[in-house]
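**Q** My structure is below; once you've seen it, I'll send some questions.
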Amino acid sequence: MTSAAVRPRGPYSLRATLRHASDATRTNVDGVLVAALASGGTGRAWQQADGVVQLRAPHEAGIDELRFVLALDDDHSEFLQRFARDPLIGAATRRVRGLRPLRTATVAQSLLRAVAGQLIQARRARQVEQTIIRALMPKLEGTRLHAPPDCATLARVSPAELRRLGLGMRRGAALVRICRSLDLERLRSLPSEASAERLLRERGLGPWSVGVVSIEGLGRYDRGLVADLGLVKLQSALRGRWVETWETAELLEPYGEWAGLASVYLLHSFALGLIELPRTAAA
């Protein structure tokens, strides 16, 4: 077993980052992350009172993987400083300043999450994702966790089988086609704009799906969650009318190269009631 004590770069809260962390590949128990690793075995992470994050994994590759998944090395201090007085996320930059988006162990899992999340409620999307992973990926001995899905496994399954597991036929066909034609893990080595443009060329993927993959799979902060239902509701509340999905791009535009991280903070702020809404919207 390999261990590492890592002091995150910039403000960091593991507890805030692990919010909604549990899925078929990982679980959060009292602030301790237990995760199946794409590099093999299971890893653990917890944060000490002094801010240091303790990591445990079977090998150095597992330690590196945990550092990426937990975004320990991606300082977002500039984001916090720039938008400290922002009318929408300013309060969140103070209350949950240590929040960073949790990432998936594989890009393939983020693609599965993005495709499953199209046009259905978030809770149902997570159920579909977990059902598919549990059906296709091996269970780790001594745990309830399953290995993170990889591109090769998703490429071998048929759209009909994915439909049986709860994923719509068209979305399942898109997932299989993309995994068969594209080396998803290689996208992490490409510049952010290049990886986003490559994904947008695929039928079945739109700005929201590419945003999910960019934030959770590639660990990028510049691609916003355009058309996210939560952002649609927020923009509608701000404008006093139901808005079209494309209008959420206007909501994210002021955040520039931080649009992806801003998406997360906007959704968090909205859920916590930290955004002052017009009286008619609040009513």
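**Q** Counting only other residues whose beta carbon sits under 14 Å from that of ALA84, what net charge do I get with K and R as +1, D and E as -1?
**A** +3
**Q** May I pose another question? Scan region 181-283 for GluC sites (Glu not before Pro) in coil per DSSP, keeping those whose Cβ has at most 13 other Cβ atoms within 10 Å, and list them by number.
**A** Filter output for region 181-283: GLU244, GLU276.
**Q** Find how many whole Å separate the alpha carbon centroid of region 223-283 from the alpha carbon centroid of region 1-59.
**A** Measuring centre to centre over Cα atoms gives 30 Å.
**Q** Have a look at ARG44, ARG15, ARG144 and tell me which one the Gaussian network model of the chain (Cα, springs below 10 Å) gives the largest fluctuation.
**A** So, out of ARG44, ARG15, ARG144, the one fluctuating most is ARG144.
**Q** Under 15 Å from the Cβ of ARG7, count the other residues' Cβ atoms, weight Lys and Arg +1, Asp and Glu -1, and hand me the total.
**A** Net charge in that neighbourhood comes out at -1.
**Q** Please give the FRET efficiency for LEU140 paired with MET169, using the beta carbon to beta carbon distance and R0 = 41 Å, rounded to the nearest 0.05.
**A** 0.85
**Q** While we're here: Out of all Cα-Cα pairs in region 131-283, roughly what percent, to the nearest whole number, are more than 25 Å apart?
**A** Tail fraction, whole percent: 43.
**Q** Using θ = phi - 60° and the Karplus form 6.51 cos²θ - 1.76 cosθ + 1.60, what ³J(HN,Hα) does each residue of region 251-257 get, whole Hz, x for Gly and Pro?
**A** 5, 8, 4, x, 8, x, 6
**Q** Then there's this: Calculate for the chain the 222 nm mean residue ellipticity that helices alone would give, adding -39,500 (n - 2.57) per DSSP H run of length 4 or more and normalising by residue count, nearest 500 deg cm²/dmol.
**A** -12000 deg cm²/dmol
**Q** A further question on this structure: What is the sum of charges around ARG188, taking Lys and Arg as +1, Asp and Glu as -1, for the other residues whose C-beta is under 11 Å from the C-beta of ARG188?
**A** Spelling it out: positives minus negatives among the neighbours equals +1.
**Q** Going by amide H atoms built from the backbone, whose H comes under 5 Å of the H on SER22, apart from near neighbours?
**A** Those qualifying (amide H under 5 Å, at least 5 residues apart or on another chain) are ASN28.
**Q** With the full set of protein chains in place, find how many percent of the accessible area of the chain is carbon and sulfur; take the probe as 1.4 Å.
**A** 50
The values are calculated or read from the model by the stated rules, or taken from the named source; none is laboratory data. Note that this is a predicted model, so its numbers are computed, not measured. As a convention, Cβ positions derive from the backbone with ideal geometry for all residues, glycine included, and neighbour counts pool all protein chains shown. All accessible areas refer to the heavy atoms of the entire protein, side chains included, with ligands and DNA or RNA removed. Shrake-Rupley method; radii C 1.70, N 1.55, O 1.52, S 1.80 Å.
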